[in-house]
């Protein structure tokens, strides 16, 4: 009897250890899914939604999204139901037949409305400012007449006309270069905004439109960076030629634009 008692005790301890073993994540998701379906059939939609949300947080599986959308639909929570239908359509493991049903259900969903922007407050009315009384003009002191000085007109430097032309070209190139770089920065910021909206959007059509807009702005930004940089670089020798003061032979400068596979550049050749 003692041997049989010991064997029964060992078997009981083995069963207890097996029962105390913690369940895996997949087992927990399966258990929560089964309990959620039972609650859904019993009409307890709030508790079913709670279990499905817990299961999806452990394993983001497409069937959980489908069941979650149906539970929200039964609860008449159309906003969360439409969001769950949309996530299911975009999920990688969604069933094609169920995806078609979800897309048909999405046709009845409305796009989320943006809250109206508050109107800007009117600017404050400026207070009238009384003008200060004019101060009395000081009595001018007597000034002795200065002796007459005979001035001799000096001839302009031989390169004055060339220097003015180089200076004008340099200033123009610098202004256009800075303007091109500024426009490139603005387009790059607009492209980055389109990319952020693309990442945040869940509508497939809107994603395509945002991707095309962002790519176009990024390409224009790159072209403006290249042209603006080339003009800014070209303005440096032109400004130097316009500002130096030497009575020498007229300097020469040649700007040659260069087209590359990824942008636009330029080469400046100067003779001093």
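The values are calculated or read from the model by the stated rules, or taken from the named source; none is laboratory data. These numbers were taken from a predicted model, which means no experiment stands behind them. Positions of Cβ are generated from backbone atoms using ideal geometry, with glycine treated the same way; all protein chains shown enter the neighbour counts.
Quick notes on this one:
- Output for region 39-61, where each listed residue is within 27 Å of residue 205 (Cα to Cα) and in contact with a helix residue (DSSP H, G or I) (Cβ under 6 Å, 6 or more places away or on another chain): 56
- Of the residues making up region 227-243, not a single one is under 19 Å from the mean Cα position of the chain (by Cα) and over 30 Å from residue 89 (Cα atoms).
- Any hit, region 59-74, residues being surrounded by fewer than 16 Cβ atoms within 10 Å (Cβ to Cβ) and over 21 Å from residue 30 (Cβ atoms): yes
- A count restricted to region 75-92 and to residues that are buried (at least 22 other Cβ atoms within 10 Å of the Cβ) and outside any helix (DSSP H, G or I) stands at 0.
Condition check ((1) surrounded by 14 or more Cβ atoms within 10 Å (Cβ to Cβ); (2) at pLDDT 65 or above) across all residues:
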position: 120; (1), (2): no, yes
position: 130; (1), (2): no, yes
position: 158; (1), (2): no, no
position: 188; (1), (2): yes, yes
position: 197; (1), (2): yes, yes
position: 210; (1), (2): yes, yes
